[in-house]
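All of the numbers you see were taken from the coordinates with simple rules; none came from a lab. Bear in mind the structure is a predicted one, so any value in this text is a computation, not a measurement. All Cβ positions, even for glycine, are placed from backbone atoms using ideal geometry, and neighbour counts span all protein chains on display.
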Amino acid sequence: MVVRVRRSLSNLFLCAVVLLLVGCPPEGRVIAVDIDEELIALKIGESMTIRANVHVTGAASRTVEWSTSDANVARVSASGLVTALGPGVAFVTAQSHESPRFGADLRVLVLDEQRVASPYASVSQVKVLRPSRSSASDPRLVGFDLAWESSWRGDLRPSYVAAADTWDAAWVFVKFRVVGGGWEHATLLTHGHGAEAGVSIDASSDGKGAFVYRQAPGFGAFEARGVRLAWDSALDGVSEGDVQDVRVFAIEMVHVPRGSFALGTGGDEASAFRNGSSDDPFVVRGQTSLDLGAGEGQLNWSVGVDSGAPDGSTNRSFPTGYDAFYVMKHQITQGQYAAFLNTLTQAQADARVHVGAQRRYAITGEAVGSYATTLPHVAANFLSWADGAAFADWAALRPLSELEFEKAARGPLAPVPNEYAWSGTGITAATALQDEGSIQEVPTPFSANANFDQRLTPAGPLRVGAFAADGESREGSGASYYGVMELSGNLWERTVTVGNVEGRRFAGSHGDGLLDAAGDANVATWPGADEVGAGFRGGAWYNEAAHLRVSDREFAAQVNAVRDSGRGWRAARSAP
């Protein structure tokens, strides 16, 4: 969400000067008015109560009168309740009733709902609080409420989640800009964060964001109220009195715990992983370099498209899937991607946007700030590797390795030959949509659990999570062991391969929140815009069922940099 900052014209330092110059009459007087918030951001129809602090001596009145600079954007009641009416910016002012020369204001930004990032994790009631008056060196606090449906932790979980030792979370990060400058990634402190009871916050050590999730076992709608992230705005070069925009983003993730798992199934999937010269699955037992080849205990595969023969070893830091990581619950949605485009420079956005509505791709706009979509909850297709890598870098996430892809699907279970992401071989295609285009869009027949083989009308990707239904099994919901959705079908997953030297250089480094001037990710060990080192897993809406199988690696190292109607993206981040 976007928010802007304007400093109050009154402060306690000026109050002290007034007292020294004029003294304090016995009957008392107003000496200052201020507001804790520097800014608030609301969606149309949303409200937030603001409190003015009136500093007085003696028995002077603390009553204020509220006013707004634009009643078409926001109205304010006599009690300080601000209600958003229409998109735009307004100043809300609190003025002392007894001494009208004392007052304070804050900036209110009302957001056009179509410009707000969506899928399901929803950020609301965004505000930025001034540093503590007792210490100018204290950080600004970015406050907001966060909510999403079908959240879980531990034994209390949806029927389609098999893992009892995990949870879902929101990866939250903040973008800001100073007037005259571009969007930048806010640096968070590693401490000083908070929320109301029942909320856990794990800030990343690099200051790029935080995971927010439920503190105790539970299942259902989750509301993290009163979340406060400590922003090191001084380190980011934000000076006192700067006017800023601030935007808070939240992406639903699933925690994949540390532990061993199998690669390959022993089935007849193309180019599947195996243990040496046998047909047995290969078991990953630690985060270390993996020896490649046909010997016992070596990771082996049959050569696929653009794949080299197994030789040498992986980078010691290559994410094997053994260590804990978070992965996006859903693929990048069109709403998320449009919001991403709206925080780039125009040159960057021009490089990252696909033009032309087809196959349910509905992102429109010609300039930064205007990108929008009528299908915000539908998975974003027409993403090249470079497009998705740029999104991951911008969000301070990273690509998923193809080993992590299999871990996210299978978990620690013994593999089933030729299985799909739900650890079974039964699959039913979606053929039509009920409530097409809405957030309630549901594929039919209701027994369907995957989008594949060009059966769907209209053809293209579905709303993310469209098959998920509590009460259904993993197979019925098309869910992975950990509750990651659409790992089989809908859109191709883009992963870093071990099938060539370039992919094996990947060290699992996270993005820094910034792109280069051309709009590309700038992380040295990631596969570049030429896509060498990246590949495809999981299949798409137009593929036959065989390509949806978890261990199918026919295209795991394929180099193909074009945008396509069946290509999406899903990012990850190593657990703190």
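Mind checking which of Gly483, Ala450, Ile439 is farthest towards the positive end of segment 325-576's charge dipole, using Cβ charges of +1 (Lys, Arg) and -1 (Asp, Glu) about the Cα centre?
Gly483
Placing +1 at every Lys and Arg Cβ and -1 at every Asp and Glu Cβ, with all other atoms neutral, what dipole size does the chain have around its Cα centre, in debye to the nearest 20?
Numbers: 48 positive and 65 negative charges, 248 e Å.
In total the dipole reaches around 1180 debye.
Can you check what the net charge comes to around Tyr542, using other residues whose Cβ is under 11 Å from the Cβ of Tyr542 (Lys, Arg +1; Asp, Glu -1)? Present the calculation step by step, with values, prior to reporting the outcome.
Details: positive: Arg359, Arg455, Arg567; negative: Asp453, Glu544, Asp564.
Overall, the nearby charge balance is 0.
Could you tell me the center-to-center distance, by alpha carbons, between segment 458-529 and segment 334-355 in angstrom?
So the two Cα centres are separated by 19 Å.
R0 = 51 Å: FRET efficiency of Ser200 with Asp516, Cβ-based, nearest 0.05?
Numbers: r = 35 Å, r/R0 = 0.68.
Calculated value: 0.90.
Starting with the fewest neighbours, write out Glu269, Glu472, Glu406 ranked by other beta-carbon atoms found within 10 Å of each beta-carbon. Each step should come with its number before you reach the end.
On the way: Glu269 21, Glu472 18, Glu406 28.
Going from sparsest to densest Cβ surroundings: Glu472, Glu269, Glu406.
Which order results if Glu46, Glu65 are arranged by neighbouring Cβ count within 10 Å, fewest first?
Glu65, Glu46
Considering only DSSP beta bridges whose two residues both sit in the chain, what percent are antiparallel, to the nearest 5?
On the way: 100 of 113 bridges.
Antiparallel bridges: around 90 percent, rounded to the nearest 5.
Arrange Val464, Val501, Val227 by Cβ neighbour counts within 10 Å, fewest through most, would you?
Numbers: Val464 29, Val501 13, Val227 25.
Starting with the residue having the fewest Cβ neighbours, the order is Val501, Val227, Val464.
On each of the three principal axes of the Cα atoms of the chain, give max minus min coordinate, whole Å, ordered largest first.
Between the extreme Cα coordinates on each principal axis of the chain lie 94, 47, 47 Å.
Once the Cα atoms of helix 385-394 and of the chain are each reduced to a long axis, what angle between those two axes, in degrees from 0 to 90 to the nearest 10, is obtained?
Once rounded, the angle reads 40 degrees.
How charged is the neighbourhood of Trp152? Take every other residue with its Cβ under 15 Å from the Cβ of Trp152, and add Lys/Arg as +1 and Asp/Glu as -1.
Working: positive: Arg153, Arg157, Arg214, Lys329, Arg474; negative: Glu149, Asp155, Asp165, Asp168, Glu223, Glu252, Asp470, Glu472.
Its environment carries a net charge of -3.
With unit charges on the beta carbons (Lys and Arg positive, Asp and Glu negative) and the dipole taken about the Cα centre of the chain, which residue among Thr288, Ser151, Val532 sits farthest to the positive side?
Most positive-ward Cα: Ser151.
Lys and Arg at +1, Asp and Glu at -1: add these up for the other residues within a Cβ distance under 12 Å of Phe391 and post the number.
On the way: positive: Arg352, Arg398, Arg494, Arg570; negative: Asp387, Asp393, Asp520.
Computed value for this residue: +1.
In debye, nearest 20, what is the charge dipole magnitude of segment 325-576 about its Cα centre with +1 on Lys and Arg Cβ and -1 on Asp and Glu Cβ, if you could check?
Values: 20 positive and 27 negative charges, 57 e Å.
So the magnitude is around 280 debye.
On a C-alpha basis, how far is the centre of segment 230-251 from the centre of segment 38-91 in Å? Whole number, if you could?
Segment 230-251 and segment 38-91 have Cα centres separated by 22 Å.
How big is the dipole moment of segment 75-231 about its Cα centre under a simple scheme where the beta carbon of each Lys and Arg is +1, that of each Asp and Glu is -1, and everything else is neutral? Debye, nearest 20, please. Mind dumping the intermediate values first?
Values: 16 positive and 15 negative charges, 106 e Å.
Here the size comes out at about 520 debye.
From the residues Leu106, Gly28, Val73, which one has its Cα farthest along the dipole of the chain in the positive direction, the dipole being from +1 and -1 charges on Cβ of Lys/Arg and Asp/Glu about the Cα centre?
Result: Gly28.
May I ask for the angle, rounded to the nearest 10°, between helix 12-22 and the longest principal axis of the chain, with both axes built from Cα atoms and the value confined to 0 to 90°?
10
What fraction of the DSSP beta bridges in segment 325-576 is antiparallel, stated in percent and rounded to the nearest 5? Can you show the working numbers first?
Details: 16 of 23 bridges.
Among the beta bridges of segment 325-576, antiparallel pairing accounts for roughly 70 percent.
Stretched out fully, how many nm does the piece from Ala357 to Thr49 gain, at 0.36 nm a residue minus the Cα gap? If you can, show how the numbers build up before the last one.
Numbers: separation 308, 0.36 × 308 = 110.88 nm, distance 4.16 nm.
Contour length minus the Cα-Cα distance gives 106.7 nm.
Ignoring everything except DSSP H segments at least 4 long, calculate the 222 nm mean residue ellipticity for the chain; use -39,500 (n - 2.57) per segment, divide by total residues, nearest 500. Numbers along the way, then the final one.
Working: 7 runs with 53 residues, N = 576.
The helix-only estimate for the chain comes to -2500 deg cm²/dmol at 222 nm.
List nothing, just return the count: lysine pairs in the chain, 8 or more apart or interchain, with Cα separation under 24 Å. Show your work: numbers first, answer last.
Details: Lys43/Lys127; Lys43/Lys175; Lys127/Lys175; Lys127/Lys208; Lys175/Lys208; Lys175/Lys329; Lys208/Lys329; Lys329/Lys407.
Final tally of qualifying lysine pairs is 8.
Considering only DSSP beta bridges where both residues belong to segment 432-555, give the percentage that are antiparallel (nearest 5). Don't jump to the answer; show the numbers that get you there.
Numbers: 8 of 11 bridges.
Of all bridge pairs located within segment 432-555, approximately 75 percent are antiparallel.
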